[in-house]
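J.: Before I ask anything, let me first share the structure, which is written out below as structure tokens.
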Amino acid sequence: MRLLPPLGKRAFRGSHLVMALLRTADELAPLLSKPRRLLAVFAHPDDEAYGCAGALQRAGADPDAAAVLLCVSRGEASSMGPQRGLTPEQVGQLREGRLEDVAEIVKLDGLLVPGLPDGRLARQDLDLLAAPIRAALEAFRPQVVVTHDARGVNGHADHIAVHWAVRRALSGIDGVRLAMIAYTPETCEAAKPRLLFPTREEDIDATLDLRGAEIDAKEACLRVHEALVTLREEPDGDLVSRPPVEHYDFLGERLSPRAEDLFARLGDRPRR
């Protein structure tokens with residue numbers, strides 16, 4: 001995995017670096033002292049902003065929690081390349097830099113970018129794709145992993161590939177909750193013509209009602225990635241408004257009533 005240059009005199013804010021350190025998986029081991037550990041795994045820069053930025057910020061603000069983001073690619077195949085006359089390498093550098101900004105906003109404890117080829121993740125050997133995820137799991141030992149659902153949220157082949165890579169990486173590791181990003185039918189209907197696959201209301205196991213700093217952080221992450229989504233009720237310009245909530249479907253679990261936190265009821269996990 002690619003490392004950033006040395007941090008030098010970058011400042012600290014509480015227990016977090018103001019500029020996120022891109023770590024190797026082995027360097028995550030000191031975070032084992034935190035009783036609650038969250039690993040988010042996504043295909044591209046910006047997936048975390050749409051998906052779980054609120055949950056990441058909540059963990060970042062909790063002194064007893066640690067949050068790590070693993071972004072499998074650098075997002076170099078983005079359409080912004082042709083639109084702005086940038087090479088794939090330039091796009092990758094730009095989007096990786098945006099991840100560093102997100103890491104600062106939500107106070108991540110770790111950021112991993114293996115740099116596998118954007119747009120071609122579905123063509124990779126599944127064990128190769130799963131290897132950096134498995135390394136992070138073994139070093140960080142999270143209780144909760146967040147990723148795309150099996151449909152990739154919107155059918156994106158890279159998203160689907162990462163979902164199955166996470167499943168492969170988790171093979172043989174017990175006691176880890178897999179929380180998949182979920183959208184309600186109402187949200188998906190409102191998002192049209194943008195495609196989002198809905199999750200049935202009865203399959204949603206956790207709903208995080210974002211508040212205060214969590215709303216601000218998720219909104220800031222969306223703006224970093226120039227996302228055309230806002231949490232404001234009255235959006236500006238071409239922005240699409242979504243409610244300030246995050247929904248999750250826990251693989252193999254059924255929580256009723258819904259949890260309000262990703263770590264809720266980990267010791268008492270009714271199976272589906």
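The values are calculated or read from the model by the stated rules, or taken from the named source; none is laboratory data. Everything numeric in this text was worked out from a predicted model, so none of it was measured. Reconstructed Cβ throughout: ideal geometry from the backbone, glycine too, with neighbour counts over all protein chains shown.
J.: Provide a single number: the residues in region 114-145 that are under 17 Å from the mean Cα position of the chain (by Cα), at negative phi and part of a loop (DSSP other than H, G, I, E, B).
T.: Residues meeting the conditions: 5.
J.: Filter region 76-97 down to the residues that are over 13 Å from PRO117 (Cα atoms), buried (at least 18 other Cβ atoms within 10 Å of the Cβ) and modelled with pLDDT of 90 or more and list them by number.
T.: LEU94, ARG95, GLU96
J.: Considering only region 101-113, how many residues are out of contact with any strand residue (DSSP E or B) (no Cβ under 7 Å at 6 or more places or on another chain) and either outside any helix (DSSP H, G or I) or of a type in the set (Asp, Glu) (or both)?
T.: Of the residues in region 101-113, 2 are out of contact with any strand residue (DSSP E or B) (no Cβ under 7 Å at 6 or more places or on another chain) and either outside any helix (DSSP H, G or I) or of a type in the set (Asp, Glu) (or both).
J.: Right, next: Six or more apart or on different chains, Cβ atoms under 6 Å: show the pairs whose first residue is in region 125-149 and closer than 30 Å to THR184 by Cα and buried (at least 19 other Cβ atoms within 10 Å of the Cβ) and whose second is of a type in the set (D, E, K, R) and at pLDDT 95 or above.
T.: ALA130/ARG168; PRO142/ARG37; VAL144/ARG177
J.: I'm checking my understanding of the structure. Among residues of region 198-236 that are assigned to a loop (DSSP other than H, G, I, E, B) and among the aliphatic types (A, V, I, L, M), which one is modelled with the lowest pLDDT?
T.: Quick first cut of region 198-236, residues assigned to a loop (DSSP other than H, G, I, E, B) only: 198-200, 204-205, 210-212, 225-228, 231-236.
This time we only want the ones that are among the aliphatic types (A, V, I, L, M), so: 204, 210, 227-228, 231.
Numbers: ILE204: 97, LEU210: 97, ALA227: 88, LEU228: 84, LEU231: 88.
Restricting to residues being assigned to a loop (DSSP other than H, G, I, E, B) and among the aliphatic types (A, V, I, L, M), the top hit is LEU228.
J.: On the basis of being at pLDDT 95 or above, touching a Leu at 6+ places or on another chain (Cβ under 6 Å) and either among the hydroxyl-bearing types (Ser, Thr, Tyr) or buried (at least 22 other Cβ atoms within 10 Å of the Cβ) (or both), does VAL106 make the cut?
T.: yes
J.: Ok, one more. Please list, ordered by first then second residue, the pairs with beta carbon atoms under 7 Å, 6 or more apart or interchain, first in region 229-245 and in contact (Cβ under 8 Å) with a residue 24 or more places away in the chain and over 14 Å from GLU186 (Cα atoms), second surrounded by 12 or more Cβ atoms within 10 Å (Cβ to Cβ) and basic (Lys, Arg).
T.: VAL229/ARG242
J.: Could you list all residues from region 47-75 that are surrounded by fewer than 24 Cβ atoms within 10 Å (Cβ to Cβ) and part of a loop (DSSP other than H, G, I, E, B)?
T.: Correct list: ALA61, ASP62, PRO63, ASP64.
J.: Of the numbered conditions (1) at pLDDT 95 or above; (2) in contact with a helix residue (DSSP H, G or I) (Cβ under 7 Å, 6 or more places away or on another chain), LEU195 fails exactly one; give the number of that condition.
T.: LEU195 satisfies all of (1) at pLDDT 95 or above; (2) in contact with a helix residue (DSSP H, G or I) (Cβ under 7 Å, 6 or more places away or on another chain) except (1).
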